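Peer 1: Have a look at this one.
The values are calculated or read from the model by the stated rules, or taken from the named source; none is laboratory data. Keep in mind the model is a prediction, meaning the values are calculated, not measured. Note: ideal-geometry Cβ built from the backbone for every residue, glycine included; neighbour counts use all protein chains shown. Just the protein is used for accessible areas: all its heavy atoms, side chains included, with ligands, DNA and RNA removed. Shrake-Rupley method; radii C 1.70, N 1.55, O 1.52, S 1.80 Å.
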There are 4 protein chains.
Amino acid sequence: MEQNLNRFKQRTFQVKSRCALSLLTAKLTMANAELSLKLGRNVILNIYSRIKSIESIREKCKKKGIKPEYTEALEKISDILGIRAVCAFEDDIYRVADILCQHQDVTVIRKKDYVRYPKISGYRSLHLIVEIPVCFQGETSQVRAEIQLRTTAMDFWAGVDHELRYKKGKKEAVLIGNELREYSRVVAELDEKMVELRRQIEII
Amino acid sequence: MEQNLNRFKQRTFQVKSRCALSLLTAKLTMANAELSLKLGRNVILNIYSRIKSIESIREKCKKKGIKPEYTEALEKISDILGIRAVCAFEDDIYRVADILCQHQDVTVIRKKDYVRYPKISGYRSLHLIVEIPVCFQGETSQVRAEIQLRTTAMDFWAGVDHELRYKKGKKEAVLIGNELREYSRVVAELDEKMVELRRQIEII
Amino acid sequence: MEQNLNRFKQRTFQVKSRCALSLLTAKLTMANAELSLKLGRNVILNIYSRIKSIESIREKCKKKGIKPEYTEALEKISDILGIRAVCAFEDDIYRVADILCQHQDVTVIRKKDYVRYPKISGYRSLHLIVEIPVCFQGETSQVRAEIQLRTTAMDFWAGVDHELRYKKGKKEAVLIGNELREYSRVVAELDEKMVELRRQIEII
Amino acid sequence: MEQNLNRFKQRTFQVKSRCALSLLTAKLTMANAELSLKLGRNVILNIYSRIKSIESIREKCKKKGIKPEYTEALEKISDILGIRAVCAFEDDIYRVADILCQHQDVTVIRKKDYVRYPKISGYRSLHLIVEIPVCFQGETSQVRAEIQLRTTAMDFWAGVDHELRYKKGKKEAVLIGNELREYSRVVAELDEKMVELRRQIEII
């Protein structure tokens with residue numbers, strides 16, 4: 001296992017991954033430029049990207065019951081490469097997603113709309129699992145990544161939820177989780193209301 | 001008037017201003033590094049800075065009833081240079097402010113706590129008017145700037161409020177303004193609750 | 001004329017241009033990552049990009065005897081979008097060029113090797129005129145750009161040569177131009193020798 | 001020994017170091033802005049900074065015959081924090097140094113002019129050992145750093161020289177070292193001549 005996953009460490013993998021992330025970042029920056037031109041306001045506030053650590057990959061393999069081997073992991077864990085774009089408004093999330101899907105070299109493998117259909121925990125975000133061609137050492141291959149699109153309010157909520165995950169199993173964690181789920185609704189209502197107010201302002 | 005304000009355009013002013021902003025940005029980055037080390041999480045999510053345009057300076061002079069002259073404007077308008085640090089949590093705002101005030105070369109001229117005492121409009125943020133020495137062409141002079149510290153939720157609210165300002169005077173604007181003020185309270189409650197939940201998570 | 005070229009000012013053109021430049025910058029960054037991994041040293045030291053100003057476009061139209069119209073200019077002036085990658089060593093220039101040409105979405109229109117065949121002025125650089133697909137408002141179109149690849153020594157020389165161009169016509173400029181041409185040979189010899197020494201070091 | 005040097009690893013040291021480097025980078029950026037305004041051309045092309053690795057510190061302690069203890073190392077090894085500014089022209093090196101020395105909070109401990117008095121190896125650069133106050137956890141302390149100022153041509157030469165250092169001891173290295181020393185003179189002559197030509201261009 002160690003041996004197999006060690007391959008992830010290979011700098012080749014790192015370089016290819018960074019290439020894929022920098023191409024996707026460029027595409028998100030372009031989507032932002034196009035939308036900002038059209039709407040007269042900045043649409044994407046932050047773009048983050050990360051490569052999952054080997055420890056997290058190993059853990060996820062275990063959780064998913066899959067062999068911790070390079071090829072299997074790459075196929076079955078879609079968020080080894082992750083990129084997150086944070087927008088101010090909820091409707092902008094879908095605008096950014098639409099533009100990304102128009103790129104001829106971006107293949108959308110799966111779309112998970114946790115904005116309209118939140119997870120039981122209260123988690124909300126729009127996830128796109130995509131593949132993008134990366135040219136490396138003369139060969140072009142498809143690299144998979146997960147794009148998370150969310151509002152700042154959802155991102156704030158998700159940050160606290162993420163902290164809670166590390167304390168899972170403790171009995172207090174359940175109570176806090178319940179309260180947090182409650183506040184996911186406050187966040188959703190806030191996001192919705194702000195879009196409504198912004199639209200009213202736009203037309204007066 | 002035009003002649004006097006034209007001086008603002010002078011590239012000298014631009015260069016000195018950019019120097020001041022880059023020093024303050026470095027200090028905020030340092031505060032973030034120190035707090036992140038202590039608290040084990042990223043504290044400042046975004047740092048923005050801008051130099052007020054001449055048009056805005058002229059407008060503000062008019063509104064404040066002061067002569068649109070270089071020296072008077074510089075003395076009486078404290079936000080010609082503006083820098084904004086956006087934190088996830090409300091209590092972090094005060095942590096960042098405390099560290100900034102410890103710097104020997106930062107003189108705090110005024111502190112306006114619109115977080116605890118929001119403006120009538122509902123606007124919330126912690127404002128620090130500071131002076132910082134800038135060395136330019138062999139001479140060191142104090143340059144004034146306004147630092148705005150706020151949470152992402154406050155920043156989101158302020159963005160919509162900012163849009164509304166351009167439509168001021170229209171009768172629909174008043175109604176939207178009232179609704180927006182209402183939502184400032186939702187934002188405040190959300191910020192407060194999330195700090196509470198984060199603290200509970202930290203101690204379990 | 002003014003009207004025709006004004007279109008260059010259009011923000012749409014600006015946004016599409018910035019998209020093309022950011023994609024090409026990402027591709028150069030990727031080429032650098034791949035080569036650095038292989039060679040164990042940083043290969044590209046600097047990447048610059050610029051969009052030609054309308055004034056420069058107008059001037060070039062005049063010089064080339066073409067109508068200063070949007071479509072004609074775009075077709076006949078290949079360096080409206082320019083991107084420059086500066087390498088330490090001369091042989092790395094060709095390595096970077098090779099990798100760029102392998103990208104399936106990069107079409108090389110023309111290659112001008114002023115490294116091996118310098119201009120009469122002494123100017124040296126490898127120029128690639130390329131086209132790259134840019135997706136904007138749902139439509140994909142080819143955008144043309146000029147990529148200049150050169151060493152730091154060539155870049156240094158070119159900087160002085162560029163200054164001289166503004167003084168053209170003055171009789172002293174001719175004499176300085178002659179001296180500068182002489183020094184282009186010193187630069188070429190230095191670049192060549194340093195590659196030789198680096199190779200000797202690599203094999204001992 | 002291990003225990004003492006381990007302290008270098010402490011994240012506190014890392015954070016303080018990064019603070020010092022970001023302040024010095026801001027000061028170099030400011031010097032560049034001031035000079036670019038005055039001279040009408042970009043003066044500093046690149047700014048790099050690095051923190052010496054523990055391995056390198058340990059090695060240097062051994063070479064210098066000093067105890068590998070935290071306090072002694074910090075006092076006797078002045079380039080634990082290093083920052084390098086690369087200029088196009090040789091005379092700009094001294095301009096940048098002059099501006100840095102004017103800053104009230106920058107204490108120049110030592111100045112080593114390897115530009116006018118190159119090392120026997122042929123190495124050329126202007127070194128400033130400086131101290132800068134860093135405010136961390138409410139306390140202000142002086143942090144020492146080495147600033148290297150050089151031209152792109154010197155930097156190119158130094159890059160090859162650096163590679164050679166790793167092969168020291170091998171007999172071929174001596175021969176290459178001799179040739180490299182020869183080329184240090186070509187670099188010096190080139191730098192000198194280009195300043196001369198630039199000055200001639202400026203006055204016509």
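Peer 1: I need the inter-copy label distances for C:Q104: point set 7 Å along Cα to C-beta, values in nm with one decimal, smallest first.
Peer 2: In ascending order, 1.1, 6.2, 6.3 nm.
Peer 1: Under a 10 Å cutoff between Cα atoms, tell me which one of A:V186, A:V43, A:V174 has the largest fluctuation in the Gaussian network model of chain A.
Peer 2: Largest GNM mean-square fluctuation: A:V174.
Peer 1: Between the chain alone and the structure with every protein chain in place, find the residues of segment B:148-175 that drop at least 20 Å² of accessible area; heavy atoms, 1.4 Å probe.
Peer 2: Correct list: B:T152, B:F156, B:V160, B:E163, B:K167, B:K170, B:E172.
Peer 1: Let me ask something else. Considering only protein heavy atoms and a 1.4 Å probe, what is the carbon-and-sulfur percentage of the accessible area of the protein assembly as shown?
Peer 2: Carbon-and-sulfur percentage of accessible area, whole number: 49.
Peer 1: Same structure again: Need one number: buried accessible surface between chains C and D, 1.4 Å probe, both sides summed, DNA, RNA and ligands left out, in Å² to 100.
Peer 2: Roughly 3200 Å².
Peer 1: If I take R0 = 25 Å and measure r between the Cβ atoms of B:S141 and B:S53 in this structure, what FRET efficiency does the formula 1/(1 + (r/R0)^6) give, to the nearest 0.05?
Peer 2: So the FRET efficiency works out to roughly 0.65.
Peer 1: Can you give the relative contact order of chain D as a percent, counting alpha carbon pairs under 8 Å and 6+ residues apart?
Peer 2: Across chain D, relative contact order equals 19 percent.
Peer 1: Which entries of B:K60/B:K168; C:K38/D:K112; B:K76/B:K193; A:K27/C:K52 have Cα-Cα distances beyond 27 Å here?
Peer 2: In this structure, C:K38/D:K112; B:K76/B:K193 lie more than 27 Å apart at Cα.
Peer 1: Tell me, what is the per residue accessible area of the protein assembly as shown in Å², probe radius 1.4 Å?
Peer 2: I get 48 Å² per residue for the protein assembly as shown.
Peer 1: What trypsin sites (Lys or Arg not before Pro) does segment B:40-73 have in DSSP loop regions with at most 15 other beta carbons within 10 Å?
Peer 2: For trypsin sites (Lys or Arg not before Pro) across segment B:40-73 that sit outside H, G, I, E and B with at most 15 neighbouring Cβ atoms in 10 Å, the list reads B:R41.
Peer 1: Please find the FRET efficiency linking C:K112 to A:E172, where r is the Cβ-Cβ separation and R0 is fixed at 51 Å, and quote it to the nearest 0.05.
Peer 2: My answer for the efficiency is 0.15.
Peer 1: What residues qualify as long-range amide H neighbours of A:D105, i.e. H under 5 Å apart, gap of 5 or more or another chain, H built at 1.01 Å from N?
Peer 2: Long-range HN contacts for A:D105: none found.
Peer 1: A further question on this structure: Can you bin the protein assembly as shown into rounded, prolate or oblate? Criterion: square roots of the alpha carbon gyration tensor eigenvalues sorted a ≥ b ≥ c, rounded for a/c under 1.5, prolate for a/b above b/c, oblate for the rest.
Peer 2: rounded
Peer 1: For the modelled label position 7 Å from the Cα of C:E182 along Cα-to-Cβ, which residues of segment D:163-194 have backbone nitrogen atoms closer than 12 Å?
Peer 2: D:193-194
Peer 1: Something else: Got the D:E69 label distances to the other copies yet, label 7 Å along Cα→Cβ, in nm, shortest first?
Peer 2: 5.6, 6.3, 8.3
Peer 1: Based on the Kirkwood radius over alpha-carbon pairs, what value in µm²/s does the Stokes-Einstein equation return for the translational diffusion coefficient of chain A at 37 °C and 0.692 mPa s?
Peer 2: Using the Kirkwood radius from Cα pairs, D works out to 177 µm²/s.
Peer 1: Further question on the same structure: When the accessible area of each residue in segment B:36-50 is compared between its chain alone and the complete protein assembly (1.4 Å probe; ligands, DNA and RNA ignored), which residues differ by at least 20 Å², being lower in the assembly?
Peer 2: B:L37, B:L45, B:N46, B:Y48
Peer 1: What are the DSSP H helices in chain D that stretch 18 Å or more along their long axis, judged by alpha-carbon atoms, and whose average Kyte-Doolittle hydropathy comes to at least -1.0?
Peer 2: Once both thresholds are applied, what remains is D:11-39, D:90-102, D:152-165, D:171-203.
Peer 1: Which distance in nm do the two modelled labels at B:Q10 and D:I120 give, with both placed 7 Å along the Cα-to-Cβ direction?
Peer 2: 5.4
Peer 1: Also, I was wondering about something else. For chains B and A related by rotation, which residue of B has the Cβ nearest the axis, and what is the rounded distance in Å?
Peer 2: In chain B, the Cβ lying nearest the symmetry axis toward A is B:T152, 2.
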